[in-house]
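Here is the structure we will look at, set down as structure tokens.
The values are calculated or read from the model by the stated rules, or taken from the named source; none is laboratory data. Because the structure is predicted, anything quoted here is derived from the model rather than measured. Cβ: placed from backbone, ideal geometry, glycine included. Neighbour counts: every protein chain shown.
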Amino acid sequence: MKHQGGGEVNNQGGADVSAVPLAEIVAYLDDYLRLRTVPDERNAVNGLQVENRGLVGGIVAAVDASQATIDGVVADLAGREGPPPLVLVHHGLLWDGNVPLTGRRYRRVATLLEHDIPLYSAHIPLDLHPTVGNNVVLAERLGLAVEGWFGDYKGAPIGVWGHAPARLVPRDSLVAEVNHALGTTDPGARLIAGGPERVARVGIITGGAGSMIGGAHDAGLDTYITGEGAHHTYFDAIEWGLNVIFAGHYATETLGVQALASHLAERFDLDWEFHDHPTGL
């Protein structure tokens, strides 16, 4: 089911309402995503960021813990029976650090608490997860068999690479397939054509990983797919002889939370939804 409103919602599952202890889901997620061993930015604060009274009745996946996401979840609660859903996001509430609960931070947290909605965030642990990670899932969508990892993030390899299948060897075909896989058409992925027209070794690090172009070069790749990068990354790509495809920070990171939500829904017999709030970036 899809509906338009605060955001697009894709509803997966039946009509029965289940209830699962929040603590049980959190313990499973912490272990499954390897939160204790995967490095991240300090303000990512991976894991349960807001708890509730103890029961979860579904999963809502979203890229960002924005007010739009939270308000969309609240709107869906109208007429709903049973406990509220767990909101599962890639970018959590606390990126601006240890700041007072005022203004926009207060409004987000107050809305969650008022409606007993818990929120769980997974940043780098979701990016590099070998099964439901953003990078692996995008590779699967492209038909790119993962042959190795590249790119150092605080001592951990974060990106995946593989040889382009025959149908994606023409560079323009690969760009078109990226748009198809992500559902992006306007403006769609942008190509910096610094490498060969016929691609071979393709790497992926989703999100804002333009700074990893050097890592892609060092790994011997000729084509690199990411979300976005700084102005100077144009010259990085041209001078290192790489094709770089900027497919959008938001768009490239919609896949992991959906894959993780689907996995949780199956394991805990819960319905799941995806709330789509594109930023255009």
Single unsatisfied condition, Lys154 versus (1) touching a Phe, Trp or Tyr at 6+ places or on another chain (Cβ under 6 Å); (2) farther than 21 Å from Thr254 by Cβ: (1)
In segment 200-229, residue farthest from the chain's Cα centre (by Cα) [restricted to those that are under 17 Å from Glu41 (Cβ atoms) and aliphatic (A, V, I, L, M)]: Met212
Residues of segment 177-223 classified as part of a loop (DSSP other than H, G, I, E, B) and not hydrophobic (A, V, I, L, M, F, W, C), total: 15
Check on Glu228, part of a strand (DSSP E or B) and among the charged types (D, E, K, R): no
Filter pass, Gly57 being at positive phi and over 19 Å from the mean Cα position of the chain (by Cα): no
Subset of segment 65-79 (residues that are in a loop (DSSP other than H, G, I, E, B) and either crowded, with 23+ Cβ neighbours inside 10 Å or in contact (Cβ under 8 Å) with a residue 12 or more places away in the chain (or both)): Ala65, Ser66
Hits in segment 163-176 - residues which are surrounded by fewer than 19 Cβ atoms within 10 Å (Cβ to Cβ) and outside any loop (DSSP other than H, G, I, E, B): His163, Ala166, Arg167, Pro170, Asp172, Ser173, Ala176
Matching residues in segment 15-46 - criterion: being touching a residue at least 60 places away in the same chain (Cβ under 8 Å), in a loop (DSSP other than H, G, I, E, B) and touching a helix residue (DSSP H, G or I) at 6+ places or on another chain (Cβ under 8 Å): Ser18, Leu33, Arg34, Leu35, Val38, Pro39, Asp40, Glu41, Asn46
Set Val74, Val9, Val26: member being at pLDDT below 95, farther than 29 Å from Asp152 by Cβ and of a type in the set (Val, Ile, Thr): Val9
Residues (within 21 Å of Arg36 (Cβ to Cβ) and either small (Gly, Ala, Ser) or not in a loop (DSSP other than H, G, I, E, B) (or both)) located in segment 109-127: Leu119, Tyr120, Ser121, Ala122, Ile124, Pro125, Leu126, Asp127
Filter pass, Tyr106 being modelled with pLDDT of 95 or more, assigned to a strand (DSSP E or B), closer than 23 Å to Val45 by Cβ and of a type in the set (Phe, Trp, Tyr): no
